[in-house]
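S.K.: The structure's right below; bear with me while I get my questions together.
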Amino acid sequence: MLGQFITLEGTEGAGKSTNLMFIKDWLAAKGIDLIVTREPGGTEIGEAIRAVLLNKNYTAMQAETELLLMFAARAQHLKEKILPALEQGKWVVSDRFTDATYAYQGAARGMSFERIAEIENWVQQGFFPNTTFIFDLPIEIGMARVASRGGETDRFEQEKHDFFEKVRSAYLQRASMAPKRYTILDASQPLEQVQKAIVNRLEEMMLAVEKMA
Ligand SMILES: Nc1ncnc2c1ncn2[C@@H]1O[C@H](COP(=O)(O)OP(=O)(O)OP(=O)(O)O)[C@@H](O)[C@H]1O
Ligand SMILES: [Mg+2]
């Protein structure tokens, strides 16, 4: 299986979606066959689950419900889209994946990491990304970017500063536990700087894959 699975993580407004498109174009220019996708969502069923998860009218949603819906969408995403693409040798780049579950539903909402790991093992069977980019920046900067981007806020964006501090710390902590898989990007820097660091990692990945072939 020479397809590579790349995930983009970080708090709101960190630049995940902007750089998803950058990565897509950069890899495509190198002749790599790839798909881009996102979580929660990525499939028709997953997008329906996403609409439930982000609906800010659902103030009654329990943390357990949120956690299970995230993994329900992910199970569909994996079987219907991610794994088949990787098996065809395609690269898959996803705007968020399971690290987000540890950060948001775990660290910020208080679901135990052990419980999350149990469900992760059941749904993913030991599958995880080859590379994860963490877009790290102070919460206020991300919030200001989201505000200037405009548009409606969702159920998560209703949360307070402290919630996102927990998310940010959890991402950094997860990266420190498996430094080979993660690349932490200083997302407060100008886009060109961020993208230089992304390209460095993508070039390393391409070399590693060429060696395996
Ligand atoms: N390094 C950067 N410097 C300045 N502005 C940036 C940078 N990266 C992204 N932006 C801008 O910040 C805004 C938010 O970026 P983007 O939508 O990519 O973030 P996101 O991580 O996908 O956010 P969300 O979590 O809300 O989906 C956009 O208007 C984007 O153009
Ligand atoms: Mg986005």
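The values are calculated or read from the model by the stated rules, or taken from the named source; none is laboratory data. Keep in mind the model is a prediction, meaning the values are calculated, not measured. Cβ placement follows ideal geometry from the backbone for every residue including glycine, while neighbour counts extend to all protein chains displayed. Accessible surface areas use protein heavy atoms only, side chains included; no ligands, DNA or RNA. Shrake-Rupley method; radii C 1.70, N 1.55, O 1.52, S 1.80 Å.
S.K.: In the chain, with Lys and Arg counted as +1 and Asp and Glu as -1 at Cβ, which of these residues, Met206, Ser176, Gln105, has the Cα nearest the positive end of the dipole, that is, farthest along it?
M.R.: Met206
S.K.: Can you give the Rg to Rh ratio of the range 57-162, both from alpha-carbon atoms, with Rh computed by the Kirkwood formula?
M.R.: 0.99
S.K.: Suppose every K and R has +1 on its Cβ and every D and E has -1 on its Cβ; what is the size of the dipole of the chain about the Cα centre, in Debye to the nearest 20?
M.R.: 200
S.K.: When the helices in the chain are scored as -39500 (n - 2.57) per DSSP H run of 4 or longer and the sum is shared across all residues, what 222 nm value do you end up with, to the nearest 500 deg cm²/dmol?
M.R.: Only helices count here, giving -16000 deg cm²/dmol.
S.K.: Any idea how many Lys pairs in the chain come in under 15 angstrom at the alpha carbon, given 8 or more places apart or on separate chains?
M.R.: Going through the chain pair by pair, I get 8.
S.K.: Let me ask something else about it. Give the long-range amide H neighbours of Gln4: residues separated by 5 or more places, or on another chain, with amide H under 5 Å away, using H modelled in the peptide plane at 1.01 Å from N.
M.R.: Excluding prolines and chain starts, which carry no amide H, the hits are Trp91, Val92.
S.K.: Counting pairwise Cα distances across the range 5-212, what percent come out greater than 26 angstrom?
M.R.: Result for the distance tail: 31 percent.
S.K.: Sticking with this one: Taking square-rooted eigenvalues a ≥ b ≥ c of the alpha carbon gyration tensor, is the range 100-206 rounded, prolate or oblate, where a/c under 1.5 means rounded and, failing that, a/b exceeding b/c means prolate?
M.R.: Here the range 100-206 falls in the oblate category.
S.K.: Find the all-direction average of the projected area of the Cα convex hull for the range 65-124, expressing the result in square nanometres with one decimal place.
M.R.: 4.1
S.K.: A follow-up question, please. Show the residues, 5+ positions off or on another chain, whose built amide H is closer than 5 Å to the amide H of Glu12.
M.R.: For Glu12, no residues qualify.
S.K.: Taking the solvent-accessible surface of protein heavy atoms with a 1.4 Å probe, what is the per residue accessible area of the chain in Å²? Before the final figure, lay out the partial values.
M.R.: Details: 10610 Å² over 213 residues.
For the chain, the solvent-accessible area averages 50 Å² per residue.
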